[in-house]
Amino acid sequence: MQRAKGEHVWLRHVAVVIAYAVSYTLLRDISNVQWLLPAGLRLSCLLFVPYRYWPALALGECLSRTYSSYECLDDFGLTWVVLQSLPVIVLAMPIVWWFRRHMAVFPSQQLVSISSLLLCTLLVSLVCATYGFIALTTAHLAPGKPPFVVLPMHALGYFFGNYLGALTIVPLVVMATFELRAGSLRNMLSRVGDSHVMLDGMVLLLPTLALLTWLNTKATGDTSQIARMAMFLPVAWLTLKHGWRGAALGGGAACTCICLSFPTMATLEVLQPQAFMAFAATSLLMLGARITIQNKQEQRGQVDGQQALYLAQQGLYLGELRMRQTAYALEQISGAMQQMHGRLLNRLRHLLPPAEEHSYYRQVAVTQHQVHRLADGLYPRAWRDRGLLAGLRDGAMAQALDDARVTYQCEIQGRGLSQLSSSVHTALYRLACEAVVYLFAQGSFEQVRLYLRGGEIQGRRWAVLRLEGTGVSSIQNVDPEQLAPRLGASGLGLNAIRDHARIYGGDLHMLSTPKGIRVTMLLHDAAELERTATFAATPRLTVH
């Protein structure tokens, strides 16, 4: 068992050596001194590959560099070949280790510090460029060829080449790694297909870069420089819209389009656009990181607000459950009081005159009726037995208005009302009762009409409740202070009713007409806010 495990570990190291060597060689073939893509591969592997595989990475780089430098033995000499064969990744390992250990480049599996990442990239590029420049000073051309003069701009070329190569690859690798950690490869590809940043990159970024690249190849002088600088305009737009992800995707594409047009040797004409690209890509990544933070804070604030609304809905619903329990308790107490009064009057019947006995029975019946009416106001029996629609048509509201000789009409339209959550049903009934009390607090009406309509838009269910008080009367036919307890209402004002509607993602509008007053309320299904509040607990990619 131990031997098989050891062979498995050995095969893993061999696979890392081969994969890294092949990738390093391929990237080296398509890059040049002004744009060293192997620097991006080197830093990406050191950032994400476990420490135990670092020796395999060094061996793979040594094999690739030895193969490519040995072909130049006759041109640059043995000393240069030996120095070029050594793995530069060994010099970068202490820097990356320190950043991973002490600077928290990746504080968690889904968290990246862009500032630490850029600083690590800068230091690694500086070290690799210094080593490359030192190796270049040892080059000796073959006899008969013109002497090779090493200039300071070669050092700058090495630095910008390493830095731009790293900025092209490393942010994209970070994006891909985090997406892969969030799910399987199939899920990652599905998310990429639905990603807005990828869609904007395909629709706007790539066509714009293609046009500017063609203009850069056809133009000369200042026009070419303007075309190169203009390539970062769509990158800036992508950054402002999508944060550091847009900067990583757009910056890598822009650097690729510009660097492919560079000559193979470092010149002053090349160093200027290199410096501009390095500055622009770094600035956009830092700006994108800040924008991402702001977007996450805004989303967190929205989710916190939705959670607060959801908790408020739950609080109202729990209050409704308490009112329901109170109504049940009142009915039980009413039954017990009836039995107790009946037994007491039966025992005292022979001691009471007939007139006084009938008076006691009448008082017991009135008390019984008042308790039942109070319980029905807290939680109507029609609502309890046949649902919300019956509660609005035949419940306490209809009975109270009928007792006051106010004409009451209830009209219900639309589909999906029965599919609304129970908390929305409760809110609709209570808001209807509060609105009726508010109407009669404003004046007296001979007729009250209630309209309830439900529907669904883009998978989100909603309900519209409208109450109209018409037929203004000069005689006060309904006392709102007596009506409120009969309906289980609190006598809320218009602002309080509006706040109650906003808890369910809706709003309230009041309109005074020549015929009366109209109050209209819109409510959304509470299940939507519940799903959003649950979504807030899901870990998401964050950048600081």
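Go through the residues of the range 204-212 one by one and say whether even a single one is assigned to a helix (DSSP H, G or I), touching a residue at least 60 places away in the same chain (Cβ under 8 Å) and either open to solvent by less than 70 Å² (accessible area, probe 1.4 Å) or in contact with a Ser or Thr (Cβ under 9 Å, 6 or more places away or on another chain) (or both). There is no residue in the range 204-212 that is assigned to a helix (DSSP H, G or I), touching a residue at least 60 places away in the same chain (Cβ under 8 Å) and either open to solvent by less than 70 Å² (accessible area, probe 1.4 Å) or in contact with a Ser or Thr (Cβ under 9 Å, 6 or more places away or on another chain) (or both). Filtering the range 515-543 to residues that are assigned to a loop (DSSP other than H, G, I, E, B) and modelled with pLDDT of 80 or more leaves only 515. Screening residue 57 with (1) farther than 21 Å from residue 139 by Cβ; (2) open to solvent by 20 Å² or more (accessible area, probe 1.4 Å); (3) in contact with a Phe, Trp or Tyr (Cβ under 7 Å, 6 or more places away or on another chain) gives one miss only, at (2).
Among the conditions (1) under 28 Å from residue 137 (Cβ atoms); (2) touching a residue at least 40 places away in the same chain (Cβ under 8 Å); (3) under 41 Å from the mean Cα position of the chain (by Cα); (4) open to solvent by 20 Å² or more (accessible area, probe 1.4 Å), residue 34 misses just one, which is (4). Note on the range 286-314: residues that are at pLDDT 80 or above and either open to solvent by less than 40 Å² (accessible area, probe 1.4 Å) or not in a helix (DSSP H, G or I) (or both) amount to 5.
For the criterion of being modelled with pLDDT of 90 or more and closer than 18 Å to residue 158 by Cβ, residue 63 fails. Only one of the numbered conditions (1) out of contact with any Phe, Trp or Tyr (no Cβ under 7 Å at 6 or more places or on another chain); (2) in a helix (DSSP H, G or I); (3) open to solvent by 20 Å² or more (accessible area, probe 1.4 Å) is violated by residue 87, and that is (2).
Can you tell which of 401, 389 is touching a strand residue (DSSP E or B) at 6+ places or on another chain (Cβ under 7 Å), assigned to a helix (DSSP H, G or I), modelled with pLDDT of 75 or more and surrounded by fewer than 20 Cβ atoms within 10 Å (Cβ to Cβ)? Give the steps one after another, and end with the answer.
Working: 401 fails: surrounded by fewer than 20 Cβ atoms within 10 Å (Cβ to Cβ).
None of the others qualify; the one that does is 389.
Residue 409 fulfils the conditions (1) under 21 Å from residue 516 (Cβ atoms); (2) at pLDDT below 85; (3) open to solvent by 60 Å² or more (accessible area, probe 1.4 Å); (4) polar (S, T, N, Q) except for a single criterion, (2). Beta carbons closer than 6 Å, at least 6 apart along the sequence or on distinct chains, pair a first residue in the range 161-178 that is hydroxyl-bearing (Ser, Thr, Tyr) with a second that is assigned to a helix (DSSP H, G or I) and open to solvent by less than 30 Å² (accessible area, probe 1.4 Å) for 163/125; 163/278; 168/40; 168/252; 168/255.
Taking the range 72-84 as the range and being open to solvent by less than 70 Å² (accessible area, probe 1.4 Å) and in a helix (DSSP H, G or I) as the test, the residues that pass are 73, 75, 76, 80, 81, 83, 84.
The values are calculated or read from the model by the stated rules, or taken from the named source; none is laboratory data. Note that the structure is a prediction, hence the values are computed from the model and not measured. Neighbour counts run over all protein chains shown; Cβ positions are idealised from the backbone, glycine included. Note: areas computed on protein heavy atoms with side chains; ligands, DNA, RNA excluded. Shrake-Rupley method; radii C 1.70, N 1.55, O 1.52, S 1.80 Å.
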